[in-house]
Structure formats: structure tokens, C-alpha cells
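See below for the structure under consideration.
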Amino acid sequence: MPDDMEPTSQKQVTLIPTHRIRVLNPRVRNRRTFEAMVDNIARIGLKRPITAAPRAGTDPQEYDLVCGQGRLEAFIELKQDRIPAIVIDADESDCLVMSLVENCARRQHNPIDLMREIGALRERGYNDRQIGEKIGVSTEYVNMIAGLLEKGEERLVSAVETGVLPLNLAIQISKTDAKGAQKALMDAYTQNKLRGRKLALVRRLIQQRELRGPQLHSNQLGRKPPKRALTSEGLVRAYQQEATRQKLLIKKAELTQSRLMFVREAFRKLCADGHFMTLLRAEGLETMPADLARSMTEGALT
């Protein structure tokens, strides 16, 4: 079990500034899932702190994120300037490796994230055997995944990223010719791995790869796709997203209001304490802010 997966009760949790945390291994997450996380944290708070490591030679102190990108981004979305964190001692390379291991340990992870993370580790000097040992897969498997990146198989990578093509089938197609790719496609069909629309899309992908090569030209990998005309489904989706955002704003407003009511009632009780008022007068604090005084008066009338 990685250090960051140990029970938090055994480690000291501290608050660190959100704007001083660098995400070494950023992941793109589903917007709906992220909004659900933000809503959950706004309602019940943070269940598990993030893990970060102090970056050497920084003043004021900055940090590298080990795990908890979603939680960090949710806190930033909620305009929170500090977040509970377990701070560990690790250099940048160790943080990147631990982040990769943490991502791979998830029940579901995006295959394209795994491919890119392996590519990043290779660029940092780790060999396939070292990478495989760290993330719990074979050296051959790491070598096959890295091979897609090295061969510039942008069409296959893009298909994997959009969920059209299984990763194993993409690796198999990259290692064969057009005839072998058609056979791999037929095998995937008979094994019920590809059916319907996905089968047609992969067949067309293989044809385009044979005619135009593995690289994308008109729509390079990583570029934003052209904007589509707004459909009825898109309008409904936009409305639902806005409704979710408004609900979150209402919950934040209710939370703020409850905190202000608590402060107001606490201050009213303090002002009713003769000893406390004598202490204030002794310190020359004989008046209070007009807004607070008005709030206490209005609260007493309601």
C-alpha cells in the first residue's frame, strides 16, 4: 500500500494554501462527476485530506500534489483558500510516481491517462521494468503501451481516448498490417468486444489509417474539436448544469447565513455578560460596527 493510502489517523493533517499547490500529473475528469464531488464537499465537507510534498527552495513554501486533484479543484471551485493535507517528504520524481500508482489503483481509470503517464515516466529516465514494478503490470505490457506513443499512432490513441477502441485492440492493430488489422477486428467482433456503431467506427479508422497514415492531420490529437450547433439535448444539458450550479450557490449561501447567525447569537450572549462589557470598556472598545449592531437588533425583533 502506498504511503498516501495509509489511514489518515496515523498522520498529521495540516492546512496548506490551495494556490501554492502544483499538480504534477493533471487528469481531465468528467464534468458531471466533478460537479457531484463539489456538491458533496459543499454539503458534508472533505472526507479525506489530499497528500502533498513540500517543494524544495521555495519561499513562501509551495507544494507538489501527490494525490487528490479532484478534491483540490473542488476546494478551488468553492473559493476555499486552504485545504487539509497530509504533507510527506518526497522529491518531484517520487511525487509523480506515487501519483501514477494512485491513479492506476483506482477501480476505473482512463486508458489514455495511463498511456500518457507511462510516457512521462519514460521521459524521466525510468525503464519499462521499473515502471511495470511500480504500477503492477508486466514489462511487456508497459512496452506495448509506450510503443503506441513512440510510433505516433495518433488515430489509435484518439480512438482509445474517446472510448471507441479498447486499448488491447489498439496495441494489436499497431503491430500489424491492414490485413492483420481486419483480422483483429473480426476477432473482436466474434468475441463480442466490438459491435454496432463502434465496429463501424473502428473499421473506418483502420481504412483511414491505411490511406493517410497513423497521424491525424485535419484534427491533431489534443486540439479542441470544432464547436457544434446547439441541439435540444445540448440545451437541456446546459440547463441542467446551470441548475446544478445555482443549487450549489444556494447551499453555500445557506451555509454562510447559518454561520453568521451563530456569530450574531454568540456575540449577543457575550454582550449580555457584564464582566465582558466591563473588559471591553476598559480596553476602550465602547462601540461596535453599525452593521453588527443593526443585525443584533433585527435578530432580537424576529
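The values are calculated or read from the model by the stated rules, or taken from the named source; none is laboratory data. Remember, it's a predicted structure, so these values are computed and weren't measured experimentally. Glycine also receives a Cβ, built like all others from the backbone with ideal geometry; neighbour counts cover every protein chain displayed.
Within the span defined as the stretch 146-156, one or more residues are surrounded by 13 or more Cβ atoms within 10 Å (Cβ to Cβ), of a type in the set (Lys, Arg) and within 16 Å of Ile206 (Cα to Cα).
Residue under question is Thr231, and the condition is that it be among the hydroxyl-bearing types (Ser, Thr, Tyr), modelled with pLDDT under 80 and more than 26 Å from Glu140 (Cβ to Cβ); does it hold? So Thr231 fits the description; yes. Taken as a whole, the condition of being over 20 Å from Leu15 (Cα atoms) and of a type in the set (A, V, I, L, M, F, W, C) applies to Leu96. Of note, Ala293 does not satisfy the criterion of being under 30 Å from Glu77 (Cβ atoms) and either outside any helix (DSSP H, G or I) or not assigned by TED's automatic domain parsing to the domain that holds Val38 (or both). Of the residues making up the stretch 13-54, those that are in a helix (DSSP H, G or I), β-branched (Val, Ile, Thr) and under 13 Å from the mean Cα position of the chain (by Cα) are Thr33, Val38.
Residues of the stretch 27-64 that are within 27 Å of Thr162 (Cα to Cα) and surrounded by 13 or more Cβ atoms within 10 Å (Cβ to Cβ): Arg27, Arg29, Phe34, Glu35, Ala36, Met37, Val38, Asp39.
Just one residue in the set Leu149, Leu205 is modelled with pLDDT of 80 or more and more than 30 Å from Glu35 (Cα to Cα); that residue is Leu205.
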